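Data block below; observations after.
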Amino acid sequence: MEKAEIQALISLLDDPDAIIFEQIRDKLLSIGQDAIPALENAWENSFDTVIQNRIELIIHKIQFKEIQAALRMWAKPENQKLLDGAILIARYQYPDLDVEKIYTKIQQIKQDVWLELNDNLTALEKVKIINHLLFDVHGFSGNTTNYHAPQNSYINNVLESKKGNPLSVSMLYSIIAQDLQIPIYGVNLPEHFVLAYVDMHNNIFDQTNEFGNSVLFYVNAFSRGTVFSKGEIDSFLKQLKLQPQAIFYEPCSNLDMIKRQIRNLINSYEKLGYPDKVRELESLIAII
């Protein structure tokens, strides 16, 4: 559609007739991203709060449709890279996200870790190096004072503030480790999220194995990379009065991690009283 046609549609957004507004809105939504520059320009040049609110709503709906489409594509098994998924979820709240800035920051941390690695290190020694670089040098930590804030779940905020919840800090840790060919994966514990250093010589999906049999040890990224054993998961589950299940001990998929990230956000926005965001995020869960 020509710019002039888009401008003509936008000029009708002040129509008091609700039916006409809905028709204009739906037409702009069908145009998609191409309509956003003109909509933003109209917002900047308007002093009418009604028009501004209508423009904000249309822009948000266009951007949300883009996120839905991108997440649907990401959910295909061949596309499920963890960092890409985390960036998509961040774009839900920050549609103008500087993705290159995220890649650059993670690359810097990864480069610092890589410089300290060598082929003779044990699994535990590799984890100690990641812990030192991530928590001591770069200053990341778990956000214990504002634990349920939605900002803790967005990768760009975590990289900026250097604080996050158990899942987001674990995601960052896992992204760095896996990019360096270190087999550290997420473990979907109830009420917490940890990491597992996997013995790659074992089949991690062998259902005949005892729970966690493929795991050399576990890492609590939220607690500055503390290393612990299967027995501590046993004790944790007893405290919660839960029966052991394989999913509480074994690596989960990137898809599982992104689903949990969305559920964390739903919980955060429910506590803050944002029902519209809760509904949108629930629709994202339904997609994947």
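The values are calculated or read from the model by the stated rules, or taken from the named source; none is laboratory data. Keep in mind that what you see is a predicted model, and the values were worked out from it rather than measured. All Cβ positions, glycine included, derive from the backbone under ideal geometry; neighbour counts span all protein chains shown.
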Next on the checklist: Just to confirm my filter: which helices (runs of 4 or more DSSP H) fall fully inside segment 32-121 and include at least 3 residues that are at pLDDT below 95 and surrounded by fewer than 17 Cβ atoms within 10 Å (Cβ to Cβ)?
Outcome noted: 36-44, 49-74
Next on the checklist: For segment 2-22, give me the residue count where each residue is surrounded by 14 or more Cβ atoms within 10 Å (Cβ to Cβ) and either farther than 18 Å from S46 by Cα or among the aromatic types (F, W, Y) (or both).
Outcome noted: 1
Checklist entry - Does E125 satisfy being within 20 Å of E100 (Cα to Cα) and in a helix (DSSP H, G or I)? => result no
Checklist outcome for this item: If we keep only residues of segment 237-288 that are loosely packed, with under 14 Cβ neighbours inside 10 Å and not in a helix (DSSP H, G or I), then the residue nearest to the chain's Cα centre (by Cα) is G273
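Just need a number here: residues in segment 49-96 that are aliphatic (A, V, I, L, M) and within 18 Å of I258 (Cα to Cα). Walk me through it before giving the result.
First, the residues of segment 49-96 that are aliphatic (A, V, I, L, M): 50-51, 55, 57-59, 62, 67, 69-71, 73, 75, 82-83, 86-90.
Restricting the remaining residues to those that are within 18 Å of I258 (Cα to Cα) gives 67, 69-71, 73, 75, 82-83, 86-90.
Summing the residues that are aliphatic (A, V, I, L, M) and within 18 Å of I258 (Cα to Cα) in segment 49-96 gives 13.
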Item to check | segment 51-94, residues that are within 11 Å of the chain's Cα centre (by Cα) and of a type in the set (A, V, I, L, M) | outcome: L82, L83, A86, I87, L88, I89, A90
Checklist entry - Applying the selection to segment 98-127, what residues are touching a residue at least 12 places away in the same chain (Cβ under 8 Å) and over 14 Å from N157 (Cα atoms)? => result I109, K110, D112, V113, W114, E116, L117, A123, L124, K126, V127
